[in-house]
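Everything below concerns the one structure shown next.
Throughout, read-outs are computed from the coordinates displayed, never taken from laboratory work. Here the structure is a predicted model, which is why all the values come from computation and not from measurement. Every residue, glycine among them, receives a Cβ derived from its backbone with ideal geometry; neighbour counts consider all protein chains shown.
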Amino acid sequence: MGIGVAVGCSLRAPLRTPVGSEGVIDLRLLREDPDRVRDSQRSRGESPGLVDALLAADAARRGAIGEADALRAEQKALGKRVQKAAAEERRELLNRARDLAGDVKAAEAVETATEEALRQAHLAVSNVVEGAPPGGEDDYIVVREVGTIPAFETEVRDHVELGALLGAIDVDRAAKVSGARFYYLTGPGAMLQFALLNVALEQALAAGFRPVIPPVLVRPEAMEGTGFLGQAAENVYAVDDLYLVGTSEVPLAAYHMGEVLDGADLPLRYAGFSTCFRREAGSYGKDTRGIIRVHQFDKLEMFSFTTLEDAADEHQRLLAWEEQFLGALGLPYRVIDVAAGDLGASAARKFDCEAWIPTQGRYREVTSTSNCTDFQARRLGIRFRGEDGRPRPAATLNGTLVAMPRVIVAILENFQQADGSVVLPPVLRPWLGGSEVLTPRP
């Protein structure tokens, strides 16, 4: 999360990279039910005219392919005639062959141009929304509220003050070293992060996830393929010819890029731990105090490859695992069904889990899970072979199990005591030397 490009880094425009051979959204769906795609665009607050542009680009490409194919077929037939022709006829046929070669070259240039135009039009259309409520950021639906909001008899301290008392968070020295929106976790703060990671990883392993520590610098095709070089590009850091990821969703999604998976192996589930980097462009003035909105943070991300038919059920499973983790911590939270206008380009539907933050008097997002259907898989060329032997695009889903800074904020603020100490959730205590309470430094 962040607002300034790091020293030695620059934000650059997306490079031209190949989209998966089957496209982005399914062109068959576009041709058969364009109104559904237009309605999805409207519900996102995006232009339905992009759908018409994509339809026109698709028609132009198919027309160019048909014309080029016809000319190539004529060229091939003419070549056979030249071989059998008498000398006088051969000269006439050779003249026609030269003219035809020029026509084929021109038609192939048009074909290439229409393919690139189709690619650009395709990239401009977001995933088709599935079940998300219409509207913008404030039009979410509360699915449920869990836990009891704490009542305090004395004035509550925010996580910055608590972190300083405990010797757990140091934002002042981080600002000196790195600038605004960075932080040090020190002493009990660092131990708290390791404890959260261990508890989350234990849960992920028990659920059958394969642990992964992925690279955090990726090629443009990985970033573009997951949908982070469109509307989200302003929040991406670039270093030379690579991009720093804002979530391990990117390298996990691209792990099987260009592969055909065995359908019998699905679902494939990975739990990726990584440092994440975000510029937080456009967030000027928001959450400037503390570690809620920062440039760099650590996160354990769940990622699933499955079939399109099982994607909705897998989405509910990911949400259940997120709630299991928050429930184990004893944090009061709510689940919201995110409105279509607040979805990322890749998500067809998203649920957020928001923990109660006492000093703000409101819930704040701590985890989210998105069903990206086959949108990312089509971009990245990830397919699976089913029982019928035919390769089909896979479905991809992601879900944050724990984003460290915000969960640490929620723990410190919800479980604080009048003397500045913080009662630790029992599930974390074995990873903190058995300590039940974090106490202020002398």
Query raised in the report: Arg429 to Asp262: extension gain in nm, 0.36 nm per residue of separation minus the Cα-Cα distance?
Result: 56.0 nm
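Between beta-carbons, use under 10 Å as the cut-off and find the net charge around Lys286, counting Lys and Arg +1, Asp and Glu -1.
On the way: positive: Arg293; negative: Glu280, Asp287.
Here the charged neighbours net out to -1.
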Report summary line: Dividing the helical contributions, -39500 (n - 2.57) per DSSP H run of n ≥ 4, by the residues of the chain yields a 222 nm value, nearest 500 deg cm²/dmol, of -12500 deg cm²/dmol
Report summary line: Each label sits 7 Å from Cα toward the beta-carbon; between Ile65 and Ile213 the label points are separated, in nm, by 4.5
**Report entry** Gyration tensor verdict on the chain (Cα atoms; rounded if a/c is under 1.5, prolate if a/b is larger than b/c, oblate otherwise)
**Finding:** prolate
Report summary line: Subtracting the Cα-Cα distance of Asp287 and Phe152 from 0.36 nm times their residue separation yields 46.3 nm
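Determine the dipole magnitude for the range 141-438: charges of +1 sit on the beta-carbon of Lys and Arg, -1 on that of Asp and Glu, nothing else is charged, the reference point is the Cα centre, and the result goes in debye to the nearest 20. If you can, show how the numbers build up before the last one.
Numbers: 28 positive and 38 negative charges, 77 e Å.
Roughly 380 debye, rounded to the nearest 20.
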**Report entry** Net charge of Cβ neighbours under 9 Å - reference Pro391; Lys, Arg +1; Asp, Glu -1
**Finding:** +4
Query raised in the report: Considering only the chain, what is the antiparallel percent among its DSSP beta bridges, to the nearest 5?
Result: 90
Report task. Would you please state which residues of the range 169-203 a label at Thr275 would reach in this model, taking the label point 7 Å out along Cα→Cβ and a backbone N cut-off of under 13 Å? Result -> 178, 182-185
Query - Distant-in-sequence amide H partners of Glu280 (H built 1.01 Å from N, under 5 Å) - result: Gly2
Query raised in the report: What list of ³J(HN,Hα) values in whole Hz, one per residue of the range 392-402 in order, does the Karplus curve 6.51 cos²θ - 1.76 cosθ + 1.60 (θ = phi - 60°) give from phi, with Gly and Pro shown as x?
Result: 10, x, 7, 10, 10, 9, 9, x, 6, 7, 8
Report task. Could you line up Cys372, Cys276 from fewest to most neighbouring Cβ atoms inside 10 Å? Result -> Cys276, Cys372
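When Thr275, Thr226 are ordered from fewest to most other Cβ atoms inside 10 Å of their Cβ, what list results?
Numbers: Thr275 13, Thr226 29.
Final ranking by Cβ density, sparse to dense: Thr275, Thr226.
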Query raised in the report: Among Gly66, Gly246, Gly147, which one shows the biggest mean-square fluctuation in a GNM of the chain, springs joining Cα atoms closer than 10 Å?
Result: Gly66
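List Arg173, Arg406, Arg429, Arg293 from most exposed to least, where exposure is judged by having the fewest other Cβ atoms within 10 Å. Can you show the working numbers first?
Details: Arg173 12, Arg406 24, Arg429 15, Arg293 20.
With the fewest neighbours first, Arg173, Arg406, Arg429, Arg293 line up as Arg173, Arg429, Arg293, Arg406.
What number, in percent, do you get for the relative contact order of the range 151-264 if the mean sequence gap of Cα pairs under 8 Å and at least 6 apart is divided by its residue count? Each step should come with its number before you reach the end.
Working: 90 pairs, mean separation 18.0, N = 114.
Relative contact order here is 16 percent.
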Query raised in the report: Which of the lysines could a cross-linker span from Lys76 if the Cα-Cα distance has to be under 24 Å and same-chain partners fewer than 8 positions apart are dropped?
Result: Lys84, Lys105
Query raised in the report: Tell me, how many Å apart are the Cα centres for the range 357-377 and for the range 171-215?
Result: 18
Report task. With label points built 7 Å along Cα→Cβ from the Cα atoms of Ala320 and Arg42, find their separation and express it in nm. Result -> 3.6
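Is there a quick way to get the dipole size of the range 47-123? I mean about its Cα centre, with the Cβ of Lys and Arg at +1 and of Asp and Glu at -1; what is the value in debye to the nearest 20? Write out the running numbers ahead of the final one.
Values: 13 positive and 14 negative charges, 96 e Å.
In debye, rounded to 20, the range 47-123 gives about 460.
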Query raised in the report: Top mean-square fluctuation among Arg379, Arg28, Arg269, Gaussian network model of the chain, C-alpha springs under 10 Å?
Result: Arg28
Query - Residues of the range 390-405 with amide N under 13 Å of the 7 Å Cα→Cβ point at Gln360 - result: 405
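What relative contact order, as a whole-number percentage, does the range 47-123 give when Cα pairs under 8 Å and 6 or more residues apart are counted?
Values: 39 pairs, mean separation 41.8, N = 77.
With pairs under 8 Å counted, the relative contact order is 54 percent.
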Report task. Per residue of the range 372-387, in order, report the coupling 6.51 cos²θ - 1.76 cosθ + 1.60 (Karplus, θ = phi - 60°) as ³J(HN,Hα) in whole Hz, putting x for Gly and Pro. Result -> 9, 6, 9, 4, 5, 4, 5, 5, 8, x, 9, 10, 9, 9, x, 5
Query raised in the report: Given just the C-alpha atoms of the range 310-439, how large is their convex hull per residue in cubic angstrom?
Result: 132
Query raised in the report: Summing +1 for each Lys or Arg and -1 for each Asp or Glu, what net charge is found among the other residues whose Cβ lies under 13 Å from the Cβ of Ala97?
Result: +4
Requested in this report: Calculate, in nm to one decimal, what Arg441 and Ala180 gain on full extension: separation in residues at 0.36 nm each, minus their alpha carbon distance.
Outcome: 91.4 nm
Query raised in the report: Is the range 169-285 rounded, prolate or oblate when judged by the Cα gyration tensor, a ≥ b ≥ c being the square roots of its eigenvalues, rounded requiring a/c under 1.5 and prolate requiring a/b larger than b/c?
Result: oblate
Query raised in the report: Which lysines, on any chain, are close to Lys350 with Cα under 27 Å apart, when same-chain ones fewer than 8 places away are left out?
Result: Lys286, Lys299
Query raised in the report: How many nm separate the modelled label positions at Lys80 and Arg144, each set 7 Å beyond the Cα in the direction of the Cβ?
Result: 6.8
